[in-house]
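The values are calculated or read from the model by the stated rules, or taken from the named source; none is laboratory data. From a predicted model like this one, the values you see are computed outputs, not experimental measurements. We place every Cβ from the backbone using ideal geometry, glycine too, and count neighbours over all the protein chains shown. Side chains included, ligands, DNA and RNA excluded: accessible areas come from the protein's heavy atoms. Shrake-Rupley method; radii C 1.70, N 1.55, O 1.52, S 1.80 Å.
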Amino acid sequence: SAVIEIKKLQKKYDDTIVLKDITEEVKSGEVICVVGPSGAGKSTFLRCLNLLEQPTSGKVLFEGTDLTTLDEKHINGLREKMGMVFQSFNLFPNMTVLENLKLAPKKVKNMSDEEATKTAKHLLERVGLLEKADVYPTSLSGGQQQRVAIARALAMSPEVMLFDEPTSALDPEMVGEVLKVMQDLAEEGMTMVVVTHEMGFAKSVANKIWFMADGYIQESADPDTFFSHP
Ligand code: ADP
Ligand code: ADP
């Protein structure tokens, strides 16, 4: 069943049309990799899915609810169900790793300190960073920071995870550890939309490739079909 439905989505900035009439859906448990040249609109598209960008026209339905008609308060409620990971890790530098993970569950979900700690530690273990719970993010490598950012998004128990070029800012030797965490997540059945230039990941982990160029999804195909093109 469709978790996200995108209907005739358009996004303009002034006179520039960045997204042109996109209609697609994301099904439960699907891993979709969005690929294509720089400037194609991939990042804008991803940001329209959780209304970080307001679409100019068209609809984005999350579990049947049209996000484009909701007020900010209700969007925030639904946004919690869509975890997002950015190119630049966006961790709070003045909080320890553990505090980074506990903040939203406590503040937004009113989780008890004890439960938030337990959840956070479990997630840090899952991304292989339990021993870093009490350090500050700046003392971590880029790859470690991005794994913390993924754990932090997961702390809200999202139903979908959106990734915007999660490995593009990393030194090459750290890309693998982040992709491994993402692959584990995919294998656990997480619904994921991943904007990426990592074609090896797209080929081996995605169920579907959306090739975006010039503001359109020009091709939607399974990886075997997509990567068998000449
Ligand atoms: P991609 O992620 O595929 O590289 P983007 O979504 O970042 O593409 O950008 C698509 C196009 O939209 C680019 O031409 C970019 O300059 C333009 N764009 C993105 N954000 C804005 C904005 N806030 N204002 C004006 N133009 C923008
Ligand atoms: P990324 O590599 O993460 O896609 P970009 O360089 O495309 O980053 O965009 C960084 C920020 O600048 C985004 O918030 C985007 O919306 C904004 N932006 C991109 N292109 C333009 C533009 N032509 N005019 C104004 N803002 C832009």
* Structure fact -> Only one of (1) within 16 Å of ligand 2 (Cβ to nearest atom); (2) of a type in the set (F, W, Y); (3) open to solvent by 10 Å² or more (accessible area, probe 1.4 Å) does not apply to F163, and that is (3)
* To do: Would you tally the residues in region 35-79 being away from ligand 2 (no atom under 14 Å from the Cβ), open to solvent by less than 60 Å² (accessible area, probe 1.4 Å) and hydroxyl-bearing (S, T, Y)?
  => 3
* Looking at this structure, is K132 surrounded by 14 or more Cβ atoms within 10 Å (Cβ to Cβ), over 30 Å from Q218 (Cα atoms) and out of contact with any Gly (no Cβ under 6 Å at 6 or more places or on another chain)? -> yes
* Give the residues of region 122-142 that are in contact (Cβ under 8 Å) with a residue 40 or more places away in the chain and of a type in the set (S, T, N, Q), sorted by residue number. => T138
* **Only listed residue being assigned to a strand (DSSP E or B) and within 23 Å of D214 (Cβ to Cβ), chosen from E25, E53** => E25
* Asked: Of all residues in region 73-104, which are assigned to a helix (DSSP H, G or I) and over 22 Å from G128 (Cα atoms)?
  -> K73, H74, I75, N76, G77, L78, R79
* **Residue in region 28-50 that is modelled with the highest pLDDT, counting only those that are in contact with a helix residue (DSSP H, G or I) (Cβ under 8 Å, 6 or more places away or on another chain) and part of a loop (DSSP other than H, G, I, E, B)** => G36
* Out of (1) more than 13 Å from ligand 2 (Cβ to nearest atom); (2) open to solvent by less than 20 Å² (accessible area, probe 1.4 Å), the odd one out for G29 is which? -> (2)
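What number of residues within region 191-209 satisfy the criterion of being open to solvent by less than 30 Å² (accessible area, probe 1.4 Å) and away from ligand 2 (no atom under 16 Å from the Cβ)?
Step one: of region 191-209, the residues open to solvent by less than 30 Å² (accessible area, probe 1.4 Å) are 191-196, 201-202, 205-206, 209.
Next, from what is left, pick out any that are away from ligand 2 (no atom under 16 Å from the Cβ): 191-192, 201-202, 205-206, 209.
Total satisfying the criteria: 7.
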* Asked: If we scan region 110-121, do we find a residue that is assigned to a helix (DSSP H, G or I), closer than 20 Å to M190 by Cα and touching a residue at least 40 places away in the same chain (Cβ under 8 Å)?
  -> no
* **Cross-chain or 6+ apart pairs with Cβ under 6 Å, region 39-51 first and near ligand 1 (Cβ under 8 Å from one of its atoms), then basic (K, R)** => T44/K11
* Asked: In region 1-38, what residues are touching a residue at least 60 places away in the same chain (Cβ under 8 Å), near ligand 1 (Cβ under 9 Å from one of its atoms) and either in contact with a Phe, Trp or Tyr (Cβ under 7 Å, 6 or more places away or on another chain) or acidic (D, E) (or both)?
  -> L19, V34, G36
